[in-house]
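Below you'll find the structure, written out as structure tokens, and then a few comments.
The values are calculated or read from the model by the stated rules, or taken from the named source; none is laboratory data. What you are looking at is a predicted structure, and each value in this text was computed from that prediction instead of being measured. Cβ sites come from the backbone with ideal geometry, for glycine too, and all protein chains shown count toward neighbours. All accessible areas refer to the heavy atoms of the entire protein, side chains included, with ligands and DNA or RNA removed. Shrake-Rupley method; radii C 1.70, N 1.55, O 1.52, S 1.80 Å.
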Amino acid sequence: MRQAGRICRDTHELLATHIKPGINTGELCRIADEYIRSQGATPSFLGYRGFPAAICTSINEQVIHGVPGLRKLKNGDIVSIDIGVCYKRFHGDAARTHPVGEVSEKHKRLIEVTKQSFFEAMKFAEHGVHLHEIGAAIEEYVASNGFSVVTEWCGHGIGRQVHEDPSIPHTKQKNRGPRMAMGMTLAIEPMINVGTHELNIHQDTWTVVTKDGKFSAHYEDTVLITDGEPDILTL
């Protein structure tokens, strides 16, 4: 899983050098697929439940599961890239949101708050702590910054499968949930919207979009629970 995480991280870093106005999302997918395979790994998402691409590319109001294609990025867009990597039957999963060219201050802040909400949650990602604390930390931080947390989709366990138990809500829950335990590997991935948390599914049947058409950002890392601070395998 460390190797899967490393390849996932390096793929993100490679794509970051290509994200600029004029490139299309299909080209980003090609670059990612080629690099992942060059490292002796395979894209976790390609063919998963029928998904047709190696990575997810979600632009502006698209929250998650955007399908790469001919759409070109333009100045002022933001694009969320979600990458899964399978290496020797184990998976790593991470997402990043990037500004394209010059973006508004509101959308810069959206990206920053989304990323920081993950690290606020990391303060509670330790052996013996209930999963409830992860979601509560994310929601409290995001709400204090005037944004909303997507509730219909959540984080997940990860290991031999790209999605495993437990589910990890990114908001406060009525029940405390299971306790995190040393050796657990979790994909924690807050999805944060400028406006409402409510969503729709695009006509392509894959892409999840905000109901009000306002922008959304996504941040994710694969985390190993230890007897001390969490070990983030995709950083």
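Of (1) open to solvent by 10 Å² or more (accessible area, probe 1.4 Å); (2) in contact with a Pro (Cβ under 6 Å, 6 or more places away or on another chain); (3) not β-branched (V, I, T), A54 satisfies all except one. Which?
(1)
Could you go through the range 145-165 and let me know if any residue there is in contact with a Phe, Trp or Tyr (Cβ under 9 Å, 6 or more places away or on another chain), exposed (fewer than 14 other Cβ atoms within 10 Å of the Cβ), of a type outside the set (S, T, N, Q) and closer than 30 Å to R89 by Cα.
Yes - at least one qualifying residue is present in the range 145-165.
When you check Q161 against the structure, is it closer than 20 Å to G84 by Cα and not in a strand (DSSP E or B), yes or no? I'd like the intermediate steps shown before the answer.
Details: closer than 20 Å to G84 by Cα: yes; not in a strand (DSSP E or B): yes.
Taking the combined requirement at face value, the residue satisfies it.
For the range 126-151: of the residues being among the polar types (S, T, N, Q) and under 20 Å from the mean Cα position of the chain (by Cα), which is farthest from A187 (Cα to Cα)? Reasoning before the result, please.
Here is the first cut: in the range 126-151, the ones among the polar types (S, T, N, Q) are 144-145, 148, 151.
From what's left, under 20 Å from the mean Cα position of the chain (by Cα): 145, 148, 151.
On the way: N145: 23, S148: 20, T151: 16 Å.
Of everything passing the filter in the range 126-151, N145 is farthest from A187 (Cα to Cα).
Considering the range 118-131 alone, what residues qualify as being more than 16 Å from I232 (Cβ to Cβ) and crowded, with 20+ Cβ neighbours inside 10 Å?
L131
Any chance the range 75-84 includes a residue that's hydrophobic (A, V, I, L, M, F, W, C) and in contact with a Cys (Cβ under 8 Å, 6 or more places away or on another chain)? Even if it seems obvious, please write down each step before you answer.
Taking the range 75-84 and keeping what is hydrophobic (A, V, I, L, M, F, W, C), we get 78-79, 81, 83.
This time we only want the ones that are in contact with a Cys (Cβ under 8 Å, 6 or more places away or on another chain), so: 81, 83.
Within the range 75-84, one or more residues are hydrophobic (A, V, I, L, M, F, W, C) and in contact with a Cys (Cβ under 8 Å, 6 or more places away or on another chain).
So Q173 fits all but one of (1) modelled with pLDDT under 95; (2) crowded, with 23+ Cβ neighbours inside 10 Å; what number is the exception?
Only one criterion is unmet by Q173, namely (2).
Whether any residue in the range 33-41 is open to solvent by less than 10 Å² (accessible area, probe 1.4 Å), in a strand (DSSP E or B) and either touching a helix residue (DSSP H, G or I) at 6+ places or on another chain (Cβ under 6 Å) or among the β-branched types (V, I, T) (or both) is what I want to check. Quick ask: steps written out before the conclusion?
Let us first name the residues in the range 33-41 that are open to solvent by less than 10 Å² (accessible area, probe 1.4 Å), namely 36, 41.
If we keep only those that are in a strand (DSSP E or B) too, we end up with none.
Within the range 33-41, not a single residue is open to solvent by less than 10 Å² (accessible area, probe 1.4 Å), in a strand (DSSP E or B) and either touching a helix residue (DSSP H, G or I) at 6+ places or on another chain (Cβ under 6 Å) or among the β-branched types (V, I, T) (or both).
Please work out which residue is nearest to the chain's Cα centre (by Cα), limiting yourself to the range 65-95 and to residues that are open to solvent by less than 10 Å² (accessible area, probe 1.4 Å) and of a type in the set (A, V, I, L, M). Write out each step before concluding.
Initially, the range 65-95 is screened for residues open to solvent by less than 10 Å² (accessible area, probe 1.4 Å), giving 66, 73, 77-81, 83-85, 92-95.
Those still in the list that are of a type in the set (A, V, I, L, M) too: 73, 78-79, 81, 83, 85, 94-95.
On the way: L73: 19, I78: 14, V79: 11, I81: 7, I83: 8, V85: 13, A94: 5, A95: 3 Å.
Of everything passing the filter in the range 65-95, A95 is nearest to the chain's Cα centre (by Cα).
Looking at (1) acidic (D, E); (2) surrounded by fewer than 14 Cβ atoms within 10 Å (Cβ to Cβ); (3) under 21 Å from A143 (Cβ atoms), find the lone condition where E220 falls short.
Status for E220: all satisfied but (2).
Just the residues that are of a type in the set (S, T, N, Q), in contact (Cβ under 8 Å) with a residue 12 or more places away in the chain and not in a strand (DSSP E or B), please, taken from the range 107-157. I'd like the intermediate steps shown before the answer.
Taking the range 107-157 and keeping what is of a type in the set (S, T, N, Q), we get 114, 116-117, 144-145, 148, 151.
If we keep only those that are in contact (Cβ under 8 Å) with a residue 12 or more places away in the chain as well, we get 114, 116-117, 145, 148, 151.
T114, Q116, S117, N145, T151 - these are the residues of the range 107-157 that are of a type in the set (S, T, N, Q), in contact (Cβ under 8 Å) with a residue 12 or more places away in the chain and not in a strand (DSSP E or B).
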